[in-house]
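Have a look at the structure below before the remarks.
The values are calculated or read from the model by the stated rules, or taken from the named source; none is laboratory data. Keep in mind that what you see is a predicted model, and the values were worked out from it rather than measured. Reconstructed Cβ throughout: ideal geometry from the backbone, glycine too, with neighbour counts over all protein chains shown. Accessible surface is based on the protein model in full, side chains and every heavy atom, while ligands, DNA and RNA are left aside. Shrake-Rupley method; radii C 1.70, N 1.55, O 1.52, S 1.80 Å.
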Amino acid sequence: DIQMTQSPSTLSASVGDRVTITCRASQSISNWLAWYQQKLGKAPKFLIYDASSLESGVSSRFSGSGSGTEFTLTISSLQPDDFATYYCQQYNSYPRTFGQGTKVEIK
Amino acid sequence: QITLKESGPTLVKPTQTLTLTCTFSGFSLSTSGVGVVWIRQPPGKALEWLALIYWNDDKRYSPSLKSRLTITKDTSKNQVVLTMTNMDPVDTATYYCAHSPLARNFDYWGQGTLVTVSS
């Protein structure tokens, strides 16, 4: 299985901050990576696919980059609605695997 | 508009078999490239991919759970069913089904259903 490791596990930030979350794969996954946002008690929301392509309807505050084994999710200017947990997920091979999540908290 | 909804028991006893149904609309599982997945999330923990079924009835399972899982589809009813045998308290989780275009990422999710395993 490909292991996905996110850092940090928790991030404290203020409204307006630029935030970056890192996701590392245990082996190369090319650009076969997605990002999701999950709020407490809700299903995850699909944000980004193919490492850097923004899903339709998702705010342009969100951006993704990377390839191979290292990827980042960036929120350009954190808004109140962005406080949530974020997960990366690889679809290079089976089984599909997720990172352990990064919780973005209010500072 | 794609929607999915999970249904099934909220409480099962250890050793019992869990059967969950995902009922969806807005797409067909007979369309080339379409898949439906099951994913679970124990309380306070991360997401875990369980199984996938493709439009052509190809199936993939999590290796760690493969012996306990079966995924099937009923195209005429727009449903996907997941069964998990020999349930244990560690299987307590919210179970989600999701639409998977080209079996890659998961763009539409159900609301999830919490299953508790307890005697």
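Points to keep in mind about this one:
- Region B:1-100, dipole about Cα centre (Lys/Arg Cβ +1, Asp/Glu Cβ -1), debye to the nearest 20: 60 debye
- Length-normalised contact order of region A:15-87 in % [C-alpha pairs under 8 Å, at least 6 apart]: 42 percent
- At R0 = 30 Å, FRET efficiency that the Cβ-Cβ distance of residue A:54 and residue B:88 yields, to 0.05: 0.15
- Protein accessible area in chain B, 1.4 Å probe - carbon and sulfur %: 48 percent
- Per residue solvent-accessible surface (Å²) - chain B, probe of 1.4 Å: 45 Å²
- Annotation: peptides A:46-58, B:67-79, ranked by per-residue average of other Cβ atoms within 10 Å with the highest first, follow the order A:46-58, B:67-79.
- Between the residues B:23, A:99, A:56, the greatest Cα displacement towards the positive end of the dipole of the protein assembly as shown, with unit charges on the Cβ of Lys, Arg, Asp and Glu, is found for B:23.
- Measuring r between the beta carbons of residue B:59 and residue B:7 and using R0 = 25 Å, the FRET efficiency lands at 0.75.
- Paramagnetic label zone (point 7 Å from Cα along Cα-to-C-beta, residue A:28; backbone N under 19 Å) in region A:54-71: A:65-71
- Counting Cβ atoms of other protein chains within 10 Å of each Cβ in A:31-40 and taking the mean gives 2.
- Carbon plus sulfur fraction of accessible area for chain A, probe 1.4 Å, in percent: 44 percent
- Entry note, chain B: relative contact order of 36 percent, from Cα contacts under 8 Å with a spacing of 6+ residues.
- Interface burial in region B:46-70, defined as at least 20 Å² less accessible area with all protein chains than with the chain alone at a 1.4 Å probe, covers B:46, B:47, B:49, B:60, B:63.
- Sorted on the mean count of surrounding Cβ atoms within 10 Å across their residues, most packed first, peptides A:88-95, B:7-14 read A:88-95, B:7-14.
- Counting Cβ atoms of other protein chains within 10 Å of each residue's Cβ and taking the mean over peptide B:89-101 gives 1.
- Net +/- balance of residues flanking residue B:112 in space, Cβ distance below 15 Å, scoring K and R +1, D and E -1: +3
- A/B buried area, accessible surface, summed, 1.4 Å probe, Å²: 1600 Å²
- Pairwise alpha-carbon distances in chain B exceed 22 Å for 26% of all pairs.
- For region A:18-88: accessible area per residue (Å², 1.4 Å): 43 Å²
- Cross-link partners of residue B:13 among lysines, defined as those whose alpha carbon lies under 24 angstrom from its own and excluding same-chain residues fewer than eight positions apart: B:5, B:45, B:66.
- Spacing of the modelled spin labels on residue A:107 and residue A:76, each 7 Å from Cα toward Cβ, amounts to 2.0 nm.
- Average other protein chain Cβ within 10 Å of Cβ, residues B:102-112: 6
- Shown for region A:88-107: residues covered by the partner protein chains by 10 Å² or more of accessible area relative to the chain by itself (probe radius 1.4 Å), namely A:89, A:91, A:94, A:95, A:96, A:98, A:100.
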